[in-house]
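Read through the structure below, which is laid out as structure tokens, and then see the notes.
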Amino acid sequence: MCDRLSIPAGSLTDTLAAAQPGDCIILPAGTYEGSFVLPEDVSIAASAGADVTLTGGDPVLSIVGGRRSVVQGLKILAGQGGGIAIEPGPAQLIGVKVSQAKDEALLATCTREDCDEREVVITDSELTQSGVGLRVKGAKVRVSGGRIAEQLGTSLSAGSGVVASGGAKVQLDNVLVEDNQNVGVLIDGAATRASLTSCNVKHNLGRGLWVQGQTADAGEVTVDVNGGEFNDNALVGIGARDTVGLRVTNAAVKSTTMVRVPVDISRSEDVGDGVGLFNGARAITLQGVTLENNARAQLLADSVGSDVKIESTTFTGGQYRAVVQQTAEAVQVDAMALDDAGVRLFVNAAAIGLTP
């Protein structure tokens, strides 16, 4: 609810500077150029049916946040810098489209002790054609619906759809993450947590979902994947290294394609695995997962730790079904799905790690 409605009579910058908590700024159709700051507890929206574009600064729109901070129906054309930056939150974004940011389409950060109380909620929005679609550092972010796609660049995490690190808490529900030049979703760091429910993660060139570096108490689920499809990604559909607490339930991982990666100074290997677990990944559960037509192995467990369980999972197509290697701990998997113990698939896990 708005205490006062405001339509800019002069510049948008001046209107924002004069806004008070509870104000709602309604923008007529047009393009507004500048670097805009949305004050605490102020909302901004396109008028009904209007095509409204903000463009210019780095970032184009900065949001401090507040319980009444809402951005609705705007297009952000970012250019040389970032699109939207939120610090520390909370805020709501509804039907927002951000594109062509050299850096992040949307950056949400929080370094306070109460970040869990400052959730950023993004609904039916699009983050496209930028360096990174959504980057979350320490903040709590929930994304419902929408599309995160077509990010560009291959250095470090550039070209990635979603990157969460620094103790972030990210929830993705029914989100389409596709056609990114790097990883679709990267979850990195000891205290970083995530859930993905009924998401469609496809056609990403650097892998679909990659999880690394989590630590946790016994029994804690750090990254929870429930349903959804992870299809036609390159290298690995769902992968984890040096982590604990990944749970994947009732998801499908299909048609992962090959990528050539170095395994030593003089040799490379074509890698295209449905699920890849590497370098001490432990307390991992796959239940009711469909692994189908992934180019190399449907499942590769390489140098994993304890408590890895593969239950009620189907393995179809590809060169290999389930390969367990260089692993002292027992992996609980249907013996009928295991390939011959002599099979050795080479991959240098360090070469496929990611920098957030």
- Item | Whether the stretch 269-326 is rounded, prolate or oblate, judged on the alpha carbon gyration tensor where a/c under 1.5 counts as rounded | oblate
- Correct choice for P(r) over Cα pairs in 20 Å bins from 0, in percent that was computed from the model, options [x] 27, 53, 19, 0; [y] 32, 50, 17, 1; [z] 29, 56, 14, 0: [y]
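List ASP14, ASP23 from most exposed to least, where exposure is judged by having the fewest other Cβ atoms within 10 Å.
Numbers: ASP14 11, ASP23 20.
Ascending Cβ contact count within 10 Å gives the list ASP14, ASP23.
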- First check a/c for the stretch 168-290, with a ≥ b ≥ c the square roots of the eigenvalues of its C-alpha gyration tensor; if it is under 1.5, answer rounded, and if not, answer prolate when a/b is larger than b/c or oblate otherwise. oblate
- With a 10 Å radius around each residue's Cβ, average the other Cβ atoms per peptide and rank 43-49, 172-178, highest first. 172-178, 43-49
- Message: Straight-line reach from LYS102: which lysines fall under 22 Å, measuring Cα to Cα and dropping same-chain residues less than 8 apart?
- Response: LYS75, LYS137
- Global geometry of the stretch 1-122, whether rounded, prolate or oblate, following the gyration tensor of its Cα atoms and the 1.5 cut on a/c: oblate
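Order these by the 10 Å Cβ neighbour count, fewest first: ILE76, ILE7. Show your work: numbers first, answer last.
Values: ILE76 28, ILE7 11.
Ascending number of Cβ neighbours within 10 Å: ILE7, ILE76.
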- Using the count of nearby Cβ atoms within 10 Å as a rough guide to exposure, how do LEU77, LEU196 rank from fewest to most? LEU77, LEU196
- Note on the structure: Low-density loop trypsin sites (Lys or Arg not before Pro), the stretch 250-356, at most 11 other Cβ within 10 Å, DSSP non-H/G/I/E/B, are ARG344
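Read-outs: derived from the displayed coordinates by stated rules, not from any lab. Keep in mind that what you see is a predicted model, and the values were worked out from it rather than measured. Because the Cβ atoms are built from the backbone with ideal geometry, glycine has one as well, and the counts that use them run over all protein chains shown.
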